[in-house]
Amino acid sequence: MNSRNALSFEYQDLYPLTSVQRDIWIDQLLHVDVPLYNIGGYLQIAGAIDVALLERALRIVVDKYDALRIVMVEGASEDTVPMQAFARMRPLSLPLHDLSHEADPTAAAEAWVQQHMQKPMLGEQQPMFEFALLKLHEGSYWLSWVIHHVVADGWSIYLVTDAIARIYTALEQGESPDGSAPSYRDFVEADTAYRASPLFERHRQYWLDKYKDLPEPLLPHRHSLPTLPAFSQHHTWRLPRSLYESLEALAASRQVGVFHTILALVYTYFARTAQRDDLVLGLPILNRSSAAYKATAGLFVGISPVRLQLDSASSFVEIAAAIARILKQDYRYQRYPVSELNRDLELQRHGRAQLFDLVVSYERSKETLRFGTAQAQRIKCSNGYERTPLSIHVREDVTNEDIWMHFIYSAACFEPADIAAMEQRFATMLAFVLDHPDAPVRGVPLLSRAERAKVLTQFNATAVDYPKNETIHGLFESQVVRTPDAVALVYEGSQ
């Protein structure tokens, strides 16, 4: 028995899907065989592991967080969308895959995880998660997981993986682990009440006022997102800690957060390259307004469509401060689902699926995971598909000296060379704004020295040798004699 067939499917009550769950489920049904909403990764564990104890810890965690036991029940209402139920458990097992005999265990593990990430998770009354343990060699294990986004978000991944490590350690030390946690049912009921409340309508009106005129897509038409999901690729930029600390110091000196300066950098780049001041960025929001919600696994996260109508004559630090004010203003209204706003604005009628083409997120992990004495590092993986043309994830982890910027991009929209050039330009801009934070962003350089030299010397190599002792009109007359039927001039469609 593996970790997917471990639910008895016995349940008492049925609950509606939240608005975000509903949209994910409908979109997944349209692409049944595509792992659009698989989220996952692995814990890289450096040290000895008691497999039986880890399996026991996993069972406790699945029992602790009831969102992991959500199953979809078709035909339970007049709506075509299923209801959800919280199934009871029966014992589950943790599959162990020994890759230590492979020629390259790390490469084999990476291939296994990527294949695992692309396994469809859709099914009525089926578990929405899978765990597996990979053994690379003695003292090196990967705990791999895949969870469908309809039952969990990024915050939930942190909760679940932290709980597995803590409970394993407690069991190893002979202690009784804490198996209690708030129920996701509470949020489901609160979401249903919110959608029927006057607050929902007030939030709706705020966003309609903000988008009374529809901004143009960020990407040009030739890069428009295809109807069918496209393969995605990723690019990683390791930002040196020293450079990041300089950015933190700049942010602190101007009383803004470091994320505001990161967003200012992103805004500066796309305002310059798209030659426009009005941009929309998608920002993931926790949507966890209480301590209880922050301790609850489940799908809470939303996307806030942040509209930045700024002036590129402003300085970099002025842009960062303006972004901070906009985020503060949007905060009290961000509970309104962006999918509802998309429908309100009739985006499909305009040939668009979303208000934004770019998502930017910032994640900071402050805790070190340990399985007893074995240290572990959390690695997130992509499912290989991407709905948004470009997502930029900034990740700071105590186990890494450097800061990671992950660019996840649709292969239908970008070439690898486009993203590599984007990294170089971000680095050029960052170095400049750290030295010149009060310079107007319209003057922030994009091209590195190497790129500028290439443009000036290679692309602009237009010099042609010609007879220096002849006049221009004489050369023209000679050309007429040689090619009398050639077009001499084209102007407004006439030759």
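The values are calculated or read from the model by the stated rules, or taken from the named source; none is laboratory data. Not measured: the values here are computed from a predicted model. Reconstructed Cβ throughout: ideal geometry from the backbone, glycine too, with neighbour counts over all protein chains shown.
Can you work out which of the residues in the stretch 354-370 that are modelled with pLDDT under 90 and charged (D, E, K, R) is surrounded by the fewest Cβ atoms within 10 Å (Cβ to Cβ)?
Lys366
Here are some residues: Leu281, Leu250. Which one is outside any strand (DSSP E or B) and assigned by the TED database to the domain that holds His406?
Just one listed residue meets the conditions, Leu250.
If I filter the stretch 218-228 for residues that are at pLDDT 90 or above and not in a helix (DSSP H, G or I), do I get at least one hit?
no
Checking the condition part of a loop (DSSP other than H, G, I, E, B), at pLDDT 85 or above and in the same structural domain as Gln173 (by the TED database), which residue from Val71, Val81 passes?
Val81
Against the definition (assigned by the TED database to the domain that holds Asp402, of a type in the set (S, T, N, Q) and either in contact with a His (Cβ under 7 Å, 6 or more places away or on another chain) or under 29 Å from Asp33 (Cβ atoms) (or both)), how does Ser365 come out, yes or no?
no
Right, Thr373: in contact (Cβ under 8 Å) with a residue 40 or more places away in the chain, surrounded by fewer than 19 Cβ atoms within 10 Å (Cβ to Cβ), more than 19 Å from Arg22 (Cα to Cα) and not charged (D, E, K, R) or not?
In short, yes.
Please find, within the stretch 334-358, the residue that is nearest to Asp209 (Cα to Cα) out of those that are over 20 Å from the mean Cα position of the chain (by Cα) and assigned to a loop (DSSP other than H, G, I, E, B).
Leu345
Can you work out which of the residues in the stretch 292-333 that are among the aromatic types (Phe, Trp, Tyr) and assigned to a loop (DSSP other than H, G, I, E, B) is surrounded by the most Cβ atoms within 10 Å (Cβ to Cβ)?
Top of the filtered list is Phe300.
Which pairs turn up if I take residues in the stretch 418-437 that are in the same structural domain as Thr273 (by the TED database) and within 18 Å of Ser232 (Cβ to Cβ) and look for partners that are of a type in the set (Ser, Thr, Tyr) and not in a helix (DSSP H, G or I) with beta carbon separation below 6 Å, at least 6 apart in sequence or on another chain?
Going by the 6 Å Cβ cut-off, the qualifying pairs are Ile419/Tyr409.
Which of the residues spanning the stretch 16-55 are modelled with pLDDT of 95 or more and either closer than 20 Å to Gly179 by Cα or of a type in the set (Asp, Glu) (or both)?
Selection gives Asp50, Val51, Ala52, Leu53, Leu54, Glu55.
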